[in-house]
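Okay, so here's the structure we're looking at.
The values are calculated or read from the model by the stated rules, or taken from the named source; none is laboratory data. Values in this document were obtained by computation on a predicted structure and should not be read as measured data. Cβ placement follows ideal geometry from the backbone for every residue including glycine, while neighbour counts extend to all protein chains displayed.
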Amino acid sequence: MSMLKVVEVLAESEKSFEDAAQTAVTKASESVRNIKSIYVKEMDASVENNRIVSYRVNAKISFLLEDQPAGG
């Protein structure tokens, strides 16, 4: 039986919401394996002088848990 675990992350980009989501996946992949999906819960942006200067996402990343040997 497969089991997934979900972690919630915040990520930011100066380019776009899509880039912020990719940043979240890239950074999460440094500490977890088998990422299967990302669900973006919220998006917001910082504005200075009437221009968007950064894009932020609050996302849930799902990854497959690896099978552990019994008793170990």
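Output the residues belonging to region 10-22 that are acidic (Asp, Glu) and outside any loop (DSSP other than H, G, I, E, B).
Matches in region 10-22: 12, 18, 19.
Output the residue which, of all residues in region 26-72 that are farther than 30 Å from residue 2 by Cβ and among the hydroxyl-bearing types (Ser, Thr, Tyr), is farthest from the chain's Cα centre (by Cα).
Applying the filter and picking the extreme gives 46.
Can you report the number of residues in region 1-25 which are under 12 Å from the mean Cα position of the chain (by Cα) and under 16 Å from residue 60 (Cβ atoms)?
Residues meeting the conditions: 13.
How many residues does region 26-39 contain that are within 10 Å of residue 61 (Cβ to Cβ), out of contact with any Ser or Thr (no Cβ under 9 Å at 6 or more places or on another chain) and modelled with pLDDT of 95 or more?
Number satisfying all stated conditions: 3.
Which is assigned to a loop (DSSP other than H, G, I, E, B), in contact with a strand residue (DSSP E or B) (Cβ under 6 Å, 6 or more places away or on another chain), surrounded by 11 or more Cβ atoms within 10 Å (Cβ to Cβ) and of a type in the set (A, V, I, L, M), of 32, 7, 25, 40?
Only one candidate qualifies: 32.
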